[in-house]
1. Which numbered condition in (1) closer than 26 Å to Leu84 by Cβ; (2) touching an Asp or Glu at 6+ places or on another chain (Cβ under 8 Å); (3) open to solvent by less than 30 Å² (accessible area, probe 1.4 Å); (4) not β-branched (Val, Ile, Thr) is the only one that Ala170 fails?
2. Could you figure out which of (1) surrounded by fewer than 17 Cβ atoms within 10 Å (Cβ to Cβ); (2) charged (D, E, K, R); (3) not in a loop (DSSP other than H, G, I, E, B) isn't true of Asp199?
3. With the checklist (1) modelled with pLDDT of 90 or more; (2) under 30 Å from Val74 (Cβ atoms); (3) assigned to a helix (DSSP H, G or I) in hand, flag the one item Asn160 doesn't pass.
4. Return the only residue of Arg149, Arg132 being open to solvent by 20 Å² or more (accessible area, probe 1.4 Å) and either small (Gly, Ala, Ser) or at pLDDT below 90 (or both).
5. So which residues in region 38-77 are touching a residue at least 60 places away in the same chain (Cβ under 8 Å) and hydrophobic (A, V, I, L, M, F, W, C), if there are any at all?
6. Which residues, counting only those in region 121-142, are farther than 29 Å from Glu197 by Cα and within 19 Å of the chain's Cα centre (by Cα)?
7. Within region 147-184, track down each residue that is more than 20 Å from Val59 (Cα to Cα) and small (Gly, Ala, Ser).
8. Just checking, which of Thr113, Thr187, Thr126 is over 20 Å from Asp56 (Cα atoms), among the hydroxyl-bearing types (Ser, Thr, Tyr) and modelled with pLDDT of 90 or more?
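The values are calculated or read from the model by the stated rules, or taken from the named source; none is laboratory data. None of these values were measured; they are calculated from a predicted model. Here Cβ is always computed from backbone atoms with ideal geometry, including for glycine, and neighbour counts include all displayed protein chains. Note: accessible area is taken over every heavy atom of the protein model, side chains too, but ligands, DNA and RNA are not part of it. Shrake-Rupley method; radii C 1.70, N 1.55, O 1.52, S 1.80 Å.
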Amino acid sequence: GTRINGVDVKTSLTTPEAPDLHGLFARMVEEGVRVCVMEVSSHALVMGRVDGVVFDVAVFLNLGRDHLDFHRTVEEYFQAKASLFTPLRAKQAVINLDDEYGRRLALETSIPTTTYGAKIQQADWTFEILSREPGGTIFELSRLLRVRRVISVPMPGDYNAANAAAALLAADVAGLKWREVGRGLATGHGVPGRLEEIDE
């Protein structure tokens, strides 16, 4: 889905075709939007849907085997994703070192990179789960055991904490304020249909 200033906009693809995408960007500018966050699919990278766009921050969460109907091999899938982490497409990167392909990407990319992970002590930022509840997760992000941030997200699951850590770090790298982003994560309601709580 696509949302501009909290209003749903009808789109049919994870990453719209290039003319539609640039049209959405133009509309955002007209409406005073200062920050845009979007998912860039590997399909979109291969098919040129984000050509002409240089992102302030690109984030790598993980690489699975879910798009091998489009990519012939996992290596081809990785190369498609890795193409986002080049100076032609992004200025900076945030990469998850808990994923084996993330570790490889961090070594191969030439753009400035911030790394994170729960299991990899060599990461710039490490995160640790402090509390797991059905209604949410609390975790701590720390940098070299000196800077510590405690974050709460209203979604259960370690992977949601990892994704929230990535979002927070991407926002930080982009120059947004930790406190505001952390408050947004803590008070957000998620996306309807995605791990949505139903009280019955």
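1. Every condition holds for Ala170 apart from (2).
2. (3)
3. Of everything listed in (1) modelled with pLDDT of 90 or more; (2) under 30 Å from Val74 (Cβ atoms); (3) assigned to a helix (DSSP H, G or I), Asn160 misses just condition (1).
4. Arg149
5. Matches in region 38-77: Val57, Val59, Leu61.
6. Answer for region 121-142, where residues must be farther than 29 Å from Glu197 by Cα and within 19 Å of the chain's Cα centre (by Cα): Ala123, Asp124, Trp125, Ser142.
7. Hit for region 147-184 is Ser152, nothing else.
8. On inspection, the qualifying residue turns out to be Thr126.
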